[in-house]
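Reviewing the structure listed below.
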Amino acid sequence: MILPEPRATLDVPRPGGPPVRVRLHGEARPVRLFISHGNGFAADGYLDFWRRFLGEYEAVVFDMRNHGHNALGETKQHDYPHMAGDVDTVIRAVAAEFGAKPSAGLFHSMSAQAAMIAALDLGWRLDALIAFDPPNMPPDGPARAPMLAYLARLTRWADSRRDTFADPDELAAEYAETHSGREWGAETRELMARAVLRDGRLCCPRAFEASMYEQGAPLQLWPRRADFAGPVRLIGADPARERPSPTALSNQALAAFGGLDYAAIPDTSHLLQLEKPKACAEAALDFLKKVGL
């Protein structure tokens, strides 16, 4: 699986830090998709997911600050308010540079949370938002305790994870040893390893990654459908799976609470787009067609 050359690139300035590098993939199409990734990962590693849209849509692929193609900024600006601002800025900058057109956002985990915050607090810029398994913290109920334990466990893991590699193959081999990573295709593991490393070191330092897991617990992001000015779909991990991901339970609870359009991808964990890219793309396409995009 070879990463295609983008049709165009754009460095979107952001106050007080390095720009966000945007890549425009696919031919010019009537509808544009904005695509980004989860904490500690990079959008190029999701190629087996987003390549499936290129026959019908153009894709704006970008990494969140301090990830992937982007240069490292300051620790104090590595937080959800700044990331939400980046999402909003990227959407507006792309429209200004390449022309406005109907658009949807397809965001995973951390970027899904940032996109939800941007839509709620900074303005509705898209025609639809698809949030893949955002790790939102329930304010109460049976899904809350598992999510608290999950985020605490990930914070400890990120703080102590290995951060330098002699070769991307070493990181790809580590992915293959994880519960989720063994479900990814070998090419996805290799592509992700290359996407998250720069000169043998993680593009997103482990302290930055750990801080985002820590910030998840007090985020208080538990919206209702009426809070959004346009259509939103949650696509979650499988809550019926044996030992489901806590995020699967959280998204099921959020959909029930908020009356949000919801689909779960069978036999997946939190990294569902990497495990089942075809099924995830089909669930997104179903919603895009449902809302006329």
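What the table below lists for this structure:
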| quantity | calculated |
| --- | --- |
| Wholly enclosed helices (runs of 4 or more DSSP H) of the range 126-235 bearing at least 2 residues in contact with a His (Cβ under 8 Å, 6 or more places away or on another chain) and modelled with pLDDT of 95 or more | 206-216 |
| Hits in the range 269-292 - residues which are in contact with a Ser or Thr (Cβ under 8 Å, 6 or more places away or on another chain) and farther than 18 Å from L47 by Cα | S269 |
| When residues of the range 78-103 are limited to those that are more than 18 Å from the chain's Cα centre (by Cα) and in contact (Cβ under 8 Å) with a residue 60 or more places away in the chain, the one surrounded by the most Cβ atoms within 10 Å (Cβ to Cβ) | V94 |
| Members of the range 96-125 found to be touching a Pro at 6+ places or on another chain (Cβ under 7 Å), over 17 Å from L272 (Cα atoms) and in a helix (DSSP H, G or I), listed by number | M116, L120 |
| Restricting the range 12-52 to residues that are assigned to a strand (DSSP E or B) and among the basic types (K, R), the residue that is farthest from A128 (Cα to Cα) | R14 |
| Residue within the range 205-220 that is in contact with a strand residue (DSSP E or B) (Cβ under 9 Å, 6 or more places away or on another chain), over 30 Å from A166 (Cβ atoms), touching a residue at least 40 places away in the same chain (Cβ under 8 Å) and not aliphatic (A, V, I, L, M) present | no |
| Contacts under 8 angstrom Cβ, first residue in the range 134-158 being within 19 Å of N39 (Cα to Cα), partner among the β-branched types (V, I, T), 6 or more apart | P134/T247; P135/T247; M147/T247; Y150/T247 |
| Count of residues meeting criterion [surrounded by 15 or more Cβ atoms within 10 Å (Cβ to Cβ), over 19 Å from the mean Cα position of the chain (by Cα) and over 19 Å from V196 (Cα atoms)] in the range 1-55 | 6 |
| Only one of L106, L120 that is of a type in the set (A, V, I, L, M, F, W, C) and surrounded by fewer than 24 Cβ atoms within 10 Å (Cβ to Cβ) | L120 |
| Residue ID - nearest to Y150 (Cα to Cα), chosen from residues in the range 258-284 that are of a type outside the set (D, E) and surrounded by fewer than 16 Cβ atoms within 10 Å (Cβ to Cβ) | P266 |
| Matching entry among M1, M64 (being free of Cβ contacts under 8 Å to residues at least 60 places away in the same chain, of a type outside the set (D, E) and assigned to a loop (DSSP other than H, G, I, E, B)) | M64 |
| Candidates T188, T164 - the one that is crowded, with 16+ Cβ neighbours inside 10 Å and more than 22 Å from Y80 (Cα to Cα) | T188 |
| Residue count, the range 123-152 (criterion: in contact with a Ser or Thr (Cβ under 9 Å, 6 or more places away or on another chain) and under 20 Å from K101 (Cβ atoms)) | 4 |
| Residues within the range 208-239 that are surrounded by fewer than 16 Cβ atoms within 10 Å (Cβ to Cβ) and in contact with an Asp or Glu (Cβ under 9 Å, 6 or more places away or on another chain), tallied | 2 |
| Condition check for S180: touching a Leu at 6+ places or on another chain (Cβ under 8 Å), farther than 19 Å from D63 by Cα and of a type outside the set (A, V, I, L, M, F, W, C) | yes |
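The values are calculated or read from the model by the stated rules, or taken from the named source; none is laboratory data. In this text, all values refer to a predicted model and were calculated from it rather than measured experimentally. Positions of Cβ are generated from backbone atoms using ideal geometry, with glycine treated the same way; all protein chains shown enter the neighbour counts.
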